[in-house]
Amino acid sequence: MAKKPVTSRSGRFFKLAGMTASVAGQYAGQRARRLFGTENDEGAQSESYTRMAGQIADTLGELKGAVMKVGQIASQTQDFLPKEFSDALERLQKEAPPMPFEVIVAQVEAELGKPVPELFEYLQETPYAAASIGQVHRARLHDGTDVIVKVQYPGVDESCDSDLKQLRLALKLGGLLKMPKETVDQLFGEIRIRLKEELDYENEARNLKMFREFHANDPWVIIPAVIDSHSTRRVLTLELVEGDHVNQVTPARYDQDTINLIGHRIFTTMADQLFRFQCIHGDPHAGNFAYRPDGSVILYDFGCVKKLKPEIVEAYRKVLVAALDEDYQALDRHLIDLGARVENQPAVDEAYYAMWRDILIVPFDQDEPYDFAESELHKHVAAKTSTVFKYLDYFKPPVESIFIDRMIAGHYWMLKRLGVQAAFRDELEKYLGRI
């Protein structure tokens, strides 16, 4: 049975405050034990982190809303938090316990102004999907149209700012933030803007229409249509568009040629949005994509959309060109333009750039198809993360482009899970304006 939701601001505050106090106490105890020499091994520290992270993940999962969304983002940002914490938060991507149905019905009726039986032929009680700030239910309109209804959890919008402040305090007092204050300010500021946009379903409806128009000439890209008559700021009704989750893309239904075709279409869609549209789908995890055996790609959830400044896209393009050409002096300059490199620090050793270039270029550095299923790119990256500390003062998370990095990482994992075999170098060169 689902727990009674914590929807009041005071209830959420006290729940988060209790979590913060507990985490701070554990961290203080850990530091004291290390100070007095009763705990000095990495295993004990890792165990302590795991315990704290588990408690935070449990609380965020119960409260949902802004704090759960930040947890999901944090789980994808390995330089944001210790690995134990990222691992614990990963389950927030997969496990979102559903809100009781009576809460959902009350929210729908309050927003749309009519009883559910007048609005829908039926509204299915079992959630189609449950996420951080809302959940989705299947339904049918009285004209026979099958739809999904996305309903925002009550109290999430009003408590967004206080939730973020409390979560940040918990991470700070738990000794879990590994970035300078200025960078944390920027990161949380960017997350807050994206969250405020996601909490506005009218904004998401506009995004859906905008991306449907952009992809109008791409019949293989399917984006659900908005049902305006049944949509408000906190309820969004869309046509039901179904496809196969990545786990259902099996050899029995998808041959390798179809999987490779889907891979090329994923790459094309991503590159079109980045370089042509300069506006990207900013939440590229597996649950927001589906596939069909005809090679179609279905995109869901346009709450997190990032409009990019033209100069950021141009700086990103130049970074890629310089890296491909092994022009590390130019790469250093363009990373400064991108906001990823601290300008008043001396030039970075070219060997450091060459090391990262040689790792990251592999999928694009061969004429033969690259087998993403066998890719260990992420392991090679993880193995070199300790080298980052040498240049910690030289770099900063590029807030303007952090969602580009998130998009590319998300697409890498999709290509890997699908088992795509493809060579993207020529396609990339076209988007960089070199072919």
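The values are calculated or read from the model by the stated rules, or taken from the named source; none is laboratory data. Source: prediction; values computed, not measured. Every residue, glycine among them, receives a Cβ derived from its backbone with ideal geometry; neighbour counts consider all protein chains shown. Quick note on the areas: whole protein, heavy atoms, side chains included, nothing else; ligands and nucleic acids left out. Shrake-Rupley method; radii C 1.70, N 1.55, O 1.52, S 1.80 Å.
Applying the selection to region 248-271, what residues are open to solvent by 20 Å² or more (accessible area, probe 1.4 Å) and without any contact (Cβ under 8 Å) to a residue 60 or more places away in the chain?
Result: GLN248, THR250, PRO251, ALA252, ARG253, ASP255, ASP257, THR258, LEU261, ARG265.
Tell me which of these VAL221 doesn't satisfy, since it passes every other one: (1) under 30 Å from ARG434 (Cα atoms); (2) of a type in the set (A, V, I, L, M); (3) surrounded by fewer than 17 Cβ atoms within 10 Å (Cβ to Cβ).
Result: VAL221 fails condition (3) only.
Could you check GLN186 against (1) in contact with a helix residue (DSSP H, G or I) (Cβ under 7 Å, 6 or more places away or on another chain); (2) modelled with pLDDT under 75; (3) open to solvent by 70 Å² or more (accessible area, probe 1.4 Å) and say which number it fails?
(2)
Output the strands (runs of 3 or more DSSP E) that fall wholly within region 223-325 and possess 3 or more residues being more than 14 Å from ILE404 (Cα to Cα) and of a type in the set (A, V, I, L, M), or say none.
Correct list: 235-239, 297-299.
Can you tell me which condition ASP393 does not meet? The list is (1) modelled with pLDDT of 80 or more; (2) of a type in the set (D, E, K, R); (3) part of a helix (DSSP H, G or I); (4) open to solvent by 40 Å² or more (accessible area, probe 1.4 Å), and all the others hold.
(3)
Are any residues in region 344-390 under 25 Å from ILE262 (Cβ atoms) and of a type in the set (A, V, I, L, M, F, W, C), and if so, which ones?
Passing the criteria: LEU360, ILE361, VAL362, PHE364, PHE372, ALA373, LEU377, VAL381.
If VAL297 satisfies every condition in (1) crowded, with 16+ Cβ neighbours inside 10 Å; (2) closer than 30 Å to TYR201 by Cβ; (3) out of contact with any strand residue (DSSP E or B) (no Cβ under 7 Å at 6 or more places or on another chain) but one, which is the exception?
Here VAL297 meets the rest and fails (3).
All but one of (1) part of a helix (DSSP H, G or I); (2) within 30 Å of HIS264 (Cβ to Cβ); (3) acidic (Asp, Glu) hold for GLU368; state the number of the condition that does not hold.
(1)
From the residues in region 229-244 that are over 22 Å from the mean Cα position of the chain (by Cα) and over 18 Å from GLU197 (Cα atoms), which one is surrounded by the fewest Cβ atoms within 10 Å (Cβ to Cβ)?
Taking the candidates together, the pick is SER229.
Could you say which residue among SER386, SER401 is closer than 22 Å to ARG341 by Cα and loosely packed, with under 14 Cβ neighbours inside 10 Å?
Only one candidate passes the filter, namely SER386.
Mind counting the residues in region 189-223 that are farther than 20 Å from VAL241 by Cβ, of a type in the set (Val, Ile, Thr) and modelled with pLDDT of 80 or more?
Summing the residues that are farther than 20 Å from VAL241 by Cβ, of a type in the set (Val, Ile, Thr) and modelled with pLDDT of 80 or more in region 189-223 gives 1.
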